[in-house]
Each structure stands twice: as C-alpha cells, then as structure tokens.
C-alpha cells in the first residue's frame, strides 16, 4: 500500500509539473505573438504618419516662469526647440479614439496615444483594438485635452522588449540622467502642440497618490507638486508654480512597483 501511495504521489507531481509546463509554454507563445503584433502595429503606423518638426510661429506661447531662472538652466535651450506636428487623419482611420502623439527624449517612446471611457481597456487591447496583452499607450479617461487639466496622465505597460513604456525605465539610469537633452517631452494633439520640461522621476511601490487630474485650490496643487519634486530620484532644479500644468507618465517597473515621470508645460502652439 505504501508503494502504491508513493507511486500515486509521484504520478500526481508529474502531472502537475506537465500542466505547469504547458501553461508556461502557452504564456510564452502568447507573449511572443502579442509582441509580434505590437511591432507590426508600430511599423504600420510609421509608414502612414509624418512627424513634422515645426519652427516657431506667431501662435507660439512660451509659458513665462514666475521665478527667476538662471541663464545656465537648460530651460532656455528647451524653449528654442521645435514642436512636433502630427496629422491624425490616417491614424483615426485605424482607431477613431486617437487623441495625440507623444515623444520622450532618450527612450523608444514615439507613439500615438488613445483615450476611452475607462483606464482598463487599453491594458489588454492594441492600437487596432485587437486583444493584446501588450496593450497600448492611453490617456486617463478623466483628462480633457481641449481644456488641459492641471495634471494630464498617460499610461502604458512597461514591456520587456522596450515597446510601449518599456524604455521609460531608462529614466532612472545615469546614462539618461546625465544628458540634459533628455529632460524634454513633446506632445501633439488635435488642439495644440506642446513642449514639457521634466522635473521629477522616480520608482515607487504601487500607489495612486500621483494619479490626480484636478485640485481643490492652488494650495492643494502646490502641495501635490512639492510631493512629486521631493520624491524625485534626481534634482532637476525645476520649480512648479500654481499656474503650471503637469504631465505624468506612469508604467510598471515590476509587479509591485511603478516608474513615474512628471514634466511641466513650458511651450505651446494652438492648432
């Protein structure tokens, strides 16, 4: 009886091991399939979109700082940078929920982003709305780009193959941080083209305290901005005042932590 029981236990372990291996193989195959689809989607988009760098025009508005900024501060170089302009007509034929385009210096992030009625759909769907674990880059459903909230939030998965926001993890490395040219984000939407200056980057256990779009009053907003600045892994010597608008990028670093970037609006042009 003891021998039979031992055999049953061994057989049970073998069966369980086989099941685990089969599940792992299925996950690997699905991950690989989703990666290939995502890369094809990226390649297809690059074929139909022309990202135009545009020189300053009479419609350019530089957001004047309320505090004195030293001449050595890279802010003075950033506001001379060209904005980007994207025609969304062809993109909207693929996905009518397209609301903008984002470029982050020093990363692979150079994608259209979308918006829907919640913050869950594009965690499991690609740009063409097909089911895909890689998801896509998406704007918080509460944000309104036509009026621009005090905090505009964009999310995407931190993919191991560096697609989506996978390369956002670079912002915590010395290689990214030592190059001041990286401290710039460019957006193009149907309403305006904008330039943003990075003021905080960090890795943190998963929390929602930075996922806020509006604030009760200026004091509440400044307390929020101070929290973000104090949390930063690097001192960017960039202040945020009560009139500023913030851009937040958020992704997973691992199952329990997030990588987050915050920037403030410094230049814009209405379309």
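Results, tabulated for the structure shown:
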item	result
Matching residues, the stretch 86-124, being surrounded by fewer than 16 Cβ atoms within 10 Å (Cβ to Cβ) and closer than 20 Å to residue 267 by Cα	87
Residues of the stretch 207-241 satisfying the condition of being in contact (Cβ under 8 Å) with a residue 60 or more places away in the chain and either in a loop (DSSP other than H, G, I, E, B) or exposed (fewer than 12 other Cβ atoms within 10 Å of the Cβ) (or both)	211, 212, 213, 214, 215, 233, 237, 238, 239, 241
Long-range neighbours under 6 Å by Cβ, at least six apart or interchain, first residue on the phi > 0 side of the Ramachandran plot and at pLDDT below 95 within the stretch 143-167, second assigned to a loop (DSSP other than H, G, I, E, B) and buried (at least 20 other Cβ atoms within 10 Å of the Cβ)	none
Failed criterion for residue 127 (all others in (1) in contact (Cβ under 8 Å) with a residue 60 or more places away in the chain; (2) more than 19 Å from residue 152 (Cβ to Cβ); (3) out of contact with any helix residue (DSSP H, G or I) (no Cβ under 7 Å at 6 or more places or on another chain) hold)	(3)
Matching residues in the stretch 147-174 - criterion: being under 22 Å from residue 116 (Cα atoms) and in a loop (DSSP other than H, G, I, E, B)	147, 148, 149, 150, 156, 157, 159, 163, 165
Flag for residue 237 being more than 17 Å from the chain's Cα centre (by Cα) and closer than 19 Å to residue 176 by Cβ	yes
Search result, residues across the stretch 112-124 that are in a loop (DSSP other than H, G, I, E, B), more than 20 Å from residue 92 (Cβ to Cβ) and touching a residue at least 12 places away in the same chain (Cβ under 8 Å)	118, 119
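The values are calculated or read from the model by the stated rules, or taken from the named source; none is laboratory data. A quick note: this is a predicted structure, and the numbers were derived from the prediction, not measured. Every residue, glycine as well, gets a Cβ built from its backbone with ideal geometry; the counts of neighbours run over all protein chains shown.
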